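Report on the following structure.
What follows draws every value from the coordinates through simple rules; no lab data is involved. All values derive from a computational prediction rather than experimental measurement. Positions of Cβ are backbone-derived with ideal geometry, glycine not excepted, and every protein chain shown enters the neighbour counts.
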Amino acid sequence: MSRIDVLLVANRGEIAVRVMRTAKALGIATVAVYSEADVDAPHVAMADRAVCIGPGAVGASYLVQDRIIEAALRTGAQAVHPGYGFLSENAGFAERCAAAGLVFVGPGVEAIRLMGDKVQAKLRMIAAGVPTAPGYHGSTHDAAQLAAEAERIGFPLLVKASSGGGGRGMRIVRSAAELGAAVASASAEAASAFGSGEVFLEKLVVGARHIEIQVFCDAHGGAIHLGERECSVQRRHQKIIEEAPSPAVDAALRATMGAAAVAAATAIGYLGAGTVEFLLDDARNFYFLEMNTRLQVEHPVTECVTGQDLVAWQLRVAQGGRLPLAQSEVALTGWAIEARLYAEDPYAGFLPQTGDVLRWRPATAACTRVDGGIHEGQAVSPFYDPMLAKLIGTGTTRDEAIRAVRTAVRTSVVLGVTTNRSFLMELLGSEAFARAEIRTDTLDDRFRDALPPRPLPSPLAWAVAALGRCGVFEAPAAVDTRGEGWRSSGDYPAHVELRCDEAKRAVQVTTRGLGRGFDRGSARYDVEVQGEGVLALSLRRGQAGGQIAVESDGVRRWFDVVVRDREVFVDDDGVAHAFVEPGPVQRAEDDGPGDGKVRTPMGGRVVSVAVAPGDAVERGQTLAVIEAMKMEHRVTATCSGVVQTLAVVVGAQVAARSIVATIVSG
């Protein structure tokens, strides 16, 4: 038995915090590794020891195996927990840990290697009798062979990377005419992301549900499953919402799928926590998709319905222990739903966002759980995955769990960086989700031609933002008069112009008396919002830090407000808005499309450049590809013409709104 007294967590963010929480509860000391960008991150503060392993970019820090192993040896760690992502499914890293005398908290090297090769994994599953979708897994990839195999499989089909996952190196092909371009594109993306351009073909199961089974194996022959999770709510093959159990799986189907998952695990001599993913069609046929040889992002919903700590199970098995339960002892109780909180803008193509976390107030209700890895004042950088936290709601029924997770989303306030929170609220409140009608392709189909509409600020939100800009929520000495007649008391109007996204409003604020003073009691204002009329407001400090109680027309509501320079961030009952007072000088992002300057949508690393100075380009043509937050983003020409200057090179790190090229009329 390998006793673990000190555990190094080779990861960051919420999963590092999650692993450390259980390790500490078990009396195991923890070691954090961190990049220079994460020097003040929560996982660093939580650890007993911490070692800096390099600059912010993952390729210079969290993926540098030598530095992680050296940090483990230097701090006296006996084991390494990889979390998920980064090196968690890297067979070479697991092998090097073993060579250094470190316990790798995960499966054996051969299992990782086999399941990391999607083609070999499919072949092994076929041999083990696990249902798989029709496909072509051969080594010949000439155009004629692939075309013949595609006709045999039938359209629509998928071109998929043999290595990697997460939707990268994957293309949908709906006709023979699309096959060649899809293979070339998927292969190129796979080569860039995973170091291998090998691809295979697989039948696209249209309208499928994504069902995954949590399996666990020990070194004593124990192998069980802990039920299923449904992960069908996705966009661009990335999961958004997961739940356990699945509304589409009954006890009989659970037993059948669970047995297949356990068969898949035992066929490769698995050890520890793993997830076998299936596609389930409406006829209740299921097909092996892949096996993740690590802990999954969505493991909390399984923990909630089984009452088990899966990280504790991992550490138990890693120390040579037996599984704590037999299959007959596993019981699912109640329901749990998890929503992923991302730093992204759903109303701009789900584009990842960077910025500063100016307020983070996670939900605290008894029926909610928040697994987070951020803190106030933290910068969300372009180096890492955009997921900020996981918001989980539980209940005895699915309806109760939906209510609970909506509460978790609504009351987990993030200000300063754009998130998908309001989109999650809308999605969780939709009839399609309530009726469990969403499939893996539902959201992509819905938003193929039009993105979801951006929520507009309410008149009350405009009014609160104006009060914030006028200094009402600051200490009296800090009030900014700006020479506009603003005063903390008396009947003097202040005029403010604010912009929120594309909307602009002129707002006039008039003080109607402070009573005993805002800091000690209440204050009253008349706020006239352009086009919305006059709102008579009374203000009072809220109970939570930073909250303001606003009473209008006899109804009191609570707002989170943060003021930074000319910006005011307001949370309006689960919807966050950023207001800015336009300055007298035109900002760079206000440049019109006719100026010829093409800018990056966000900061990141340049992975390819498709043009050179002097090239003729058409509007919409790809000029370069930027990688940020584990995703690739095309930078396209904003007009037709000739590339006059090119300002980026492959491998360069660029900031948001950086100029990529200048195009002049040809």
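Overview of results
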{"quantity": "Over region 207-330, relative contact order from alpha-carbon pairs under 8 Å, at least 6 apart, %", "calculated": "31"}
{"quantity": "Region 6-105 - percent relative contact order, Cα under 8 Å, separation 6 or more", "calculated": "29"}
{"quantity": "Note, ³J(HN,Hα) from phi for region 313-330, Karplus 6.51, -1.76, 1.60, rounded to Hz, x at Gly and Pro", "calculated": "4, 4, 5, 5, 5, 5, 8, x, x, 8, 4, x, 10, 8, 4, 5, 8, 7"}
{"quantity": "Nonlocal amide H pairs with Leu388, under 5 Å, H built at 1.01 Å", "calculated": "Leu341, Tyr342, Ala343"}
{"quantity": "Cβ-Cβ FRET estimate between Ser192 and Arg322, R0 fixed at 35 Å, reported to 0.05", "calculated": "0.25"}
{"quantity": "Normalised contact order of the chain, rounded percent, pairs of Cα under 8 Å and 6 or more residues apart", "calculated": "9"}
{"quantity": "Size of charge dipole - region 134-203 - debye, nearest 20, with Cβ of Lys, Arg +1 and Asp, Glu -1, no other charges", "calculated": "200"}
{"quantity": "Added length on full extension, which subtracts the Cα-Cα distance from 0.36 nm per residue, Glu431 to Ala128", "calculated": "105.1 nm"}
{"quantity": "Packing-based exposure ordering (other Cβ within 10 Å, fewest first) of Met46, Met125", "calculated": "Met46, Met125"}
{"quantity": "Residues with amide H under 5 Å from that of Ala50, placed H, sequence gap 5 or more", "calculated": "Ala32"}
{"quantity": "In range of the label at Ala365: residues from region 240-259 whose backbone nitrogen is under 20 Å from the point 7 Å along Cα→Cβ", "calculated": "241-245"}
{"quantity": "Under Karplus coefficients 6.51, -1.76 and 1.60, residue-wise ³J(HN,Hα) of region 408-424 in Hz, glycine/proline x", "calculated": "4, 5, 5, 9, 8, 8, 10, 10, x, 10, 5, 10, 8, 4, 5, 5, 4"}
{"quantity": "Cβ crowding within 10 Å averaged over residues, with 363-371, 14-22, 321-329, 73-81 ranked highest first", "calculated": "14-22, 73-81, 363-371, 321-329"}
{"quantity": "Charge dipole of the chain about the Cα centre (unit charges at C-beta), most positive-ward option of Gln530, Ala549, Ala148", "calculated": "Ala549"}
{"quantity": "Pair Ser608, Ala60: separation of 7 Å Cα→Cβ label points (nm)", "calculated": "2.5"}
{"quantity": "Two-site FRET efficiency, Ala379 against Ala255, from Cβ-Cβ distance with R₀ of 41 Å, rounded to 0.05", "calculated": "0.30"}
{"quantity": "Expected 222 nm ellipticity per residue - DSSP helices of 4 or more, -39500 (n - 2.57), all of the chain, to 500", "calculated": "-7000 deg cm²/dmol"}
{"quantity": "Label-point separation, Asp573 to Glu497 (7 Å along Cα→Cβ), nm", "calculated": "3.1"}
{"quantity": "Computed magnitude of the charge dipole of region 198-238 (debye, nearest 20; Cβ of K, R +1, Cβ of D, E -1)", "calculated": "280"}
{"quantity": "FRET efficiency for Arg634 and Val206, using Cβ-Cβ distance with R0 set to 35 Å, rounded to 0.05", "calculated": "0.85"}
{"quantity": "Packing-based ranking, highest mean first, of 29-40, 248-259 given that Cβ atoms within 10 Å are counted", "calculated": "29-40, 248-259"}
{"quantity": "Given charges at Cβ of Lys, Arg, Asp, Glu: region 352-418 dipole, positive-most of Cys367, Ile392, Val409", "calculated": "Cys367"}
{"quantity": "Segment Ser2-Lys504, extension gain: residue separation times 0.36 nm, minus the distance between their alpha carbons", "calculated": "174.4 nm"}
{"quantity": "Only Lys, Arg (+1) and Asp, Glu (-1) charged, at Cβ; the chain dipole about Cα centre in debye", "calculated": "860"}
{"quantity": "Qualifying lysines (Cα of each under 16 Å from Cα of Lys203; at least 8 residues distant if same chain)", "calculated": "Lys118, Lys122, Lys160"}
{"quantity": "Ranked packing of 180-188, 134-142, 4-12, most packed first, by mean Cβ within 10 Å", "calculated": "4-12, 180-188, 134-142"}
